[in-house]
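Readers should treat all values here as calculations from the given coordinates under stated rules, not as data from a laboratory. Small disclaimer: the values here were computed from a predicted structure and weren't measured. Note: ideal-geometry Cβ built from the backbone for every residue, glycine included; neighbour counts use all protein chains shown.
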Amino acid sequence: MDLVTAKAIVLGASALGAGIGMIAGLGPGIGQGYAAGKGTEAVGRQPEAQADITRTMLLGQAVAETTGIYSLVIALILIFANPLIGLL
Amino acid sequence: MEGFGPRIMFYIGDIVISETVVVTWVIMAMLIIGAWLLTRNFEKIPKGAQNVVEVLVDTINNFTTETMGEKNRVFAPYIGTIFLFLTVGNLIGLLGLRPPTSDVNTTFALSMLTFVIIHYNSIKYSSLGGYVKGYFEPFPVLFPMNVLGDLATPISLSFRLFGNVTGGLIVMSLLYQALASFSSMIGLKTIPVLQAVIPVVFHVYFDMFSGILQSFIFVMLSMVFIGDATGD
């Protein structure tokens, strides 16, 4: 039973944590889709303002993406630069 | 676990020179030599490459004044430099080099530049008293929230760029590994033929579309934040 070491448990739990953390990707997906939908509506209503609308939409989407990027960074840290192993 | 971090190329004394730094030198050399070659023989009536340079400079100038107002034209060189560096940096993945923006050190350094400019201009345009007072508005209780919000600006700015580029980099290298193992499954172990054409469409998305879009967004957000600070 020496496979179940403390390190193995930490590594397994970190991998699970990284996977669960990436559920946060749901939020930006919904948010960006909503922004894109509203942008499409706006272009449909005012086609001459397309350049401005696209720029504003991309900017808003980039800000909405922040939470997803945070979770990606946390998942990357858990997988590639795990700080928890050092605590053992 | 050996991951997707930048390789260590060599040491100068005790200083570690990583792949990021070397690729940044390559980009700097490309930009400097490009600028020197393109701006060498300017004439009154532009022709050839001079047209391209003038259009580029005009676009960046107009873009800056459109977003930040006419009085902030002084920021156009900064914005243009960052935009060129980030665009070349993100596109250099197409040459098989590792984009320097996939290292959080690069992106955080760039966002710290923007952070310093934001706060310098904030103090310059609203005086020290107004600057400090801004942290206690609308209610003094919100002081910690205001400080946290200001500190989050460079972090979110740098992690957005870093996360997007690194995510693309990891997906691309996983794809290459998968194609190599598929190739060896059909008996082509020495020459991974499947790596030849299939990744192209992914490169177009992850390197070209995402790279240019992310450098645009970094520059755009920098301009919005700096414009806010100058009280525009």
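Roughly how big is segment B:1-151's charge dipole about its Cα centre, with Cβ charges of +1 (Lys, Arg) and -1 (Asp, Glu), in debye to the nearest 20? Intermediate values should be presented prior to the final figure.
Numbers: 9 positive and 11 negative charges, 71 e Å.
Taking the Cα centre of segment B:1-151 as origin, the dipole is about 340 debye.
So what's the gap between the Cα centers of segment B:175-225 and segment B:84-142, to the nearest angstrom?
The two parts, judged by their Cα centres, are 28 Å apart.
Measure nothing but the geometry: give the 0 to 90° angle between the long axis through the Cα atoms of B:143-185 and the longest principal axis through the Cα atoms of chain B, rounded to 10°.
Approximately 10 degrees, to the nearest ten.
How large is the dipole of the protein assembly as shown about the Cα centre if only Lys and Arg carry +1 and Asp and Glu carry -1, each at its Cβ, rounded to the nearest 20 debye?
Numbers: 15 positive and 19 negative charges, 55 e Å.
In total the dipole reaches around 260 debye.
Which aspartates and glutamates have a Cα less than 19 Å from the Cα of A:LYS7, not counting those fewer than 8 places away in the same chain?
B:GLU2
How large is Rg over Rh for segment A:3-87, taking Rg from the Cα atoms and Rh as the Kirkwood inverse mean of 1/r across Cα pairs?
1.27
Once Rh is set to the Kirkwood radius over Cα pairs, what Stokes-Einstein translational diffusion coefficient, in µm²/s, holds for segment B:95-232 at a temperature of 20 °C and a viscosity of 1.002 mPa s?
On the way: Rh = 17.8 Å.
Stokes-Einstein gives a translational diffusion coefficient of 120 µm²/s.
For A:THR54 paired with B:ASN41, estimate the spin-label separation in nm (one decimal), with each label point 7 Å from Cα along the Cα-to-Cβ line.
3.7
Between B:LEU174 and B:MET28, take the C-beta separation as r, use R0 = 35 Å, and let me know the FRET efficiency to the nearest 0.05. Don't skip to the answer; put the middle values down first.
Numbers: r = 30 Å, r/R0 = 0.86.
Step by step, r from the Cβ atoms, then E = 0.70.
Convex hull over the alpha-carbon atoms of segment B:65-161: what's its volume per residue in Å³? Each step should come with its number before you reach the end.
Working: hull volume 10.7 nm³, N = 97.
Convex hull of Cα atoms, per residue: 110 Å³.
Kirkwood hydrodynamic radius, segment B:151-232, all distinct C-alpha pairs: what's the number in Å? Show your work: numbers first, answer last.
Details: mean 1/r = 0.0665 Å⁻¹.
Here the Kirkwood hydrodynamic radius works out to 15.0 Å.
Would you grab the residues whose amide H sits under 5 Å from the one on B:MET9? Only those 5+ places off in sequence or on another chain, please, with H modelled 1.01 Å from N.
Placed amide hydrogens put B:ILE17, B:SER18, B:GLU19 under 5 Å from B:MET9.
Could you state the angle between the C-alpha long axis of helix B:49-68 and the longest principal axis of the C-alpha atoms of chain B, as a value from 0 to 90 degrees rounded to the nearest 10?
Here the helix axis deviates by roughly 50 degrees.
Could you give the alpha-carbon Rg of the protein assembly as shown over 2.2 N^0.38 Å, rounded to two decimals?
Values: Rg = 22.8 Å, N = 320, 2.2 N^0.38 = 19.7 Å.
Its radius of gyration relative to the 2.2 N^0.38 Å reference: 1.16.
Let me check I've understood the local charge: for B:PRO99, count other residues with C-beta under 11 angstrom from its C-beta, Lys and Arg +1, Asp and Glu -1. What total comes out? Each step should come with its number before you reach the end.
Numbers: positive: B:ARG98; negative: B:GLU19, B:ASP103, B:ASP207.
It works out to a net charge of -2.
With the cut-off at 1.5 for a/c, could you classify chain B from its C-alpha gyration tensor as rounded, prolate or oblate? Numbers along the way, then the final one.
Values: a/c = 2.26, a/b = 1.45, b/c = 1.56.
Oblate shape, in that a/c is at least 1.5 and b/c is the bigger or equal ratio.
What is the Cα centroid distance between segment A:31-88 and segment B:18-40, reported in whole angstrom?
Segment A:31-88 and segment B:18-40 have Cα centres spaced 30 Å from each other.
Between A:LEU3 and B:THR190, what FRET efficiency comes out of the Förster formula 1/(1 + (r/R0)^6) with R0 = 35 Å and r the beta carbon distance, rounded to 0.05?
Once the sixth-power term is evaluated, E becomes 0.45.
Reachable lysines from B:LYS124, Cα under 19 Å, same-chain residues fewer than 8 places away excluded?
Reachable lysines: B:LYS71, B:LYS133.
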